[in-house]
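Colleague: One structure coming up, written as structure tokens, with questions to follow.
Each reported figure results from applying straightforward, stated rules to the coordinates on display, with no laboratory input. Just so it is clear, the structure is predicted and the values come from calculations on it, not from any experiment. Reconstructed Cβ throughout: ideal geometry from the backbone, glycine too, with neighbour counts over all protein chains shown.
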2 protein chains.
Amino acid sequence: MNHVKTYRKAKKMSQYELAQSIGVARQTINLIENDKYNPSLALCLKLAHVLDTDLNALFWEEKNEN
Amino acid sequence: MNHVKTYRKAKKMSQYELAQSIGVARQTINLIENDKYNPSLALCLKLAHVLDTDLNALFWEEKNEN
DNA sequence: TAATATGGTCATATATAAATGACATTGGAG
DNA sequence: CTCCAATGTCATTTATATATGACCATATTA
């Protein structure tokens, strides 16, 4: 689970607006939010910038297996 | 510029060893280190875990445009 | 009722990440 | 110098990210 949807909602953007603002298709945003696949690093970086956050906030999950 | 090579050297691993440890080809590591392309998020996450670091440390560049 | 905005999903096509095998170069160790 | 490990790079193939167009469901508003 990533946190794209949470950050998008915080900016009050629709999937379409977010897609437009980073130059991808709306379906791409939808699939990413629903973990249907595996975005490229370049796309992750664009998302982080548009959503005023960073890679870790959007995509990093700490492992607590010690 | 990403910091994969720096973190790999810190772990004293070769490109081949790093590639083996995350299940990709050596060339893939080489291309990523030299910014020849655009790895997937899943691959970035594996790299971060194997190199005992996180996404921001490897791939995030702060923008200092204020 | 209809109309619109948003989100989820499908099928098809294209661009590119990644695999594979090969070869050249570099640097260190003998 | 030779030998070898590590790296850089090329060409080809395969898997998949992404684009595009479409359709459906839901909620809201006229």
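Colleague: Charges only on Cβ, +1 for Lys and Arg, -1 for Asp and Glu: so what's the dipole of the protein assembly as shown about the Cα centre, in debye to the nearest 20?
Modeller: 260 debye
Colleague: Over all residues in B:26-39, what is the mean tally of Cβ atoms on other chains that come within 10 Å of each residue's Cβ?
Modeller: 1
Colleague: Explain nothing, just compute: Karplus ³J(HN,Hα) = 6.51 cos²θ - 1.76 cosθ + 1.60, θ = phi - 60°, for every residue of region B:35-46 in order, whole Hz, x for Gly and Pro.
Modeller: 6, 7, 7, 10, x, 7, 4, 4, 5, 4, 5, 4
Colleague: Whole-Å semi-axes of region B:1-56's equivalent ellipsoid, largest first, each the root of 5 times a Cα gyration tensor eigenvalue?
Modeller: Its equivalent ellipsoid spans semi-axes of 14, 13, 11 Å.
Colleague: Which value, in debye to the nearest 20, describes the size of the charge dipole of chain A about its Cα centre when Lys and Arg Cβ atoms bear +1, Asp and Glu Cβ atoms bear -1, and nothing else is charged?
Modeller: Approximately 340 debye in magnitude.
Colleague: Farthest toward the dipole's positive end in chain B, which of B:Ile29, B:Ala42, B:Ala57, given Cβ charges of +1 (Lys, Arg) and -1 (Asp, Glu) about the Cα centre?
Modeller: Selected residue: B:Ile29.
Colleague: Next question, about the same structure. Determine, from the Cβ-Cβ distance of A:Lys11 and B:Asn38 and an R0 of 22 Å, the FRET efficiency 1/(1 + (r/R0)^6), rounded to the nearest 0.05.
Modeller: Using R0 = 22 Å, I get an efficiency of 0.35.
Colleague: Could you work out the relative contact order of chain B, using alpha carbon pairs under 8 angstrom and six or more residues apart, expressed as a whole percent?
Modeller: Reported relative contact order: 38 percent.
Colleague: I need the phi-derived Karplus couplings for region B:17-25: 6.51 cos²θ - 1.76 cosθ + 1.60, θ = phi - 60°, integer Hz, Gly and Pro marked x.
Modeller: 4, 4, 4, 4, 5, 10, x, 10, 7
Colleague: Just list whichever of A:Lys9/B:Lys46; A:Lys46/B:Lys11; A:Lys36/B:Lys36; A:Lys9/A:Lys46 have alpha carbons separated by over 19 Å in the model shown.
Modeller: Violating the 19 Å limit, Cα to Cα: A:Lys9/B:Lys46; A:Lys46/B:Lys11; A:Lys36/B:Lys36.
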